[in-house]
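To start, the structure itself, in structure tokens.
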Amino acid sequence: MDIRIPKKIMTRQGFTLIELMVVIVILGILAGLIVPRIMRRPDEAKQMKAKIQIESLETALKLYKLDNGAYPTTEQGLQALVEAPEPPPKKWPQGGYLEKGKVPKDPWGSEFVYLSPGIQGEYGITSYGADGVPDGEEYNKDINSWEIE
């Protein structure tokens, strides 16, 4: 019995250089479009976290004002939410106004800036963003309490 294998089955054909180059170019284009979008997500998440922290601090400040008739001064700062300032307020709850007993830092590890009276109202809270200095663009942009919707 003579078994013959057709020549088409015996020869293996690979990809040509042009086909490989086309695939590499397509992958490069996809990477160029997708990777920047994925890389921005951590920065966007940190900005959102800063906004949420500022809103939480605003809630604590409103409770402070409700109990004491005024917001803490700039000199007393946000620390007045966790430690009774001098002179002691009329009503200051044991444990303060923040759940964890400390003023949080912004997502980039910097202190929030507190002013009373503020630029746009009775108080203002600001995070200077990723670069930690006033002003900035994109992910270095300041996050201000009066701009949060």
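No value in this document is a laboratory result; all are computed from the given coordinates. Just so we're clear, the structure is a prediction, and the values are computed from it rather than from any experiment. Note: ideal-geometry Cβ built from the backbone for every residue, glycine included; neighbour counts use all protein chains shown.
Any chance you could count how many residues in region 57-77 are in a helix (DSSP H, G or I) and within 13 Å of residue 126 (Cα to Cα)? Within region 57-77, residues that are in a helix (DSSP H, G or I) and within 13 Å of residue 126 (Cα to Cα) number 2.
Listed by first and then second residue, the pairs linking a residue in region 88-106 that is free of Cβ contacts under 8 Å to residues at least 12 places away in the same chain to a residue that is surrounded by 12 or more Cβ atoms within 10 Å (Cβ to Cβ), with Cβ atoms under 8 Å apart and 6 or more places separating them unless they lie on different chains, are 105/111; 105/112. Only one of the numbered conditions (1) within 19 Å of residue 71 (Cβ to Cβ); (2) touching a strand residue (DSSP E or B) at 6+ places or on another chain (Cβ under 8 Å); (3) part of a loop (DSSP other than H, G, I, E, B) is violated by residue 125, and that is (3). Contact map, region 70-86: residues that are under 17 Å from residue 118 (Cβ atoms) paired with residues that are polar (S, T, N, Q) and assigned to a helix (DSSP H, G or I), Cβ distance under 9 Å, separation 6+ or inter-chain. Pairs shown: 72/79. Determine whether residue 116 is in contact (Cβ under 8 Å) with a residue 40 or more places away in the chain and surrounded by 15 or more Cβ atoms within 10 Å (Cβ to Cβ). When the stated conditions are applied, residue 116 passes them. In this entry, residue 107 passes the filter for residues that are assigned to a loop (DSSP other than H, G, I, E, B) and surrounded by 12 or more Cβ atoms within 10 Å (Cβ to Cβ).
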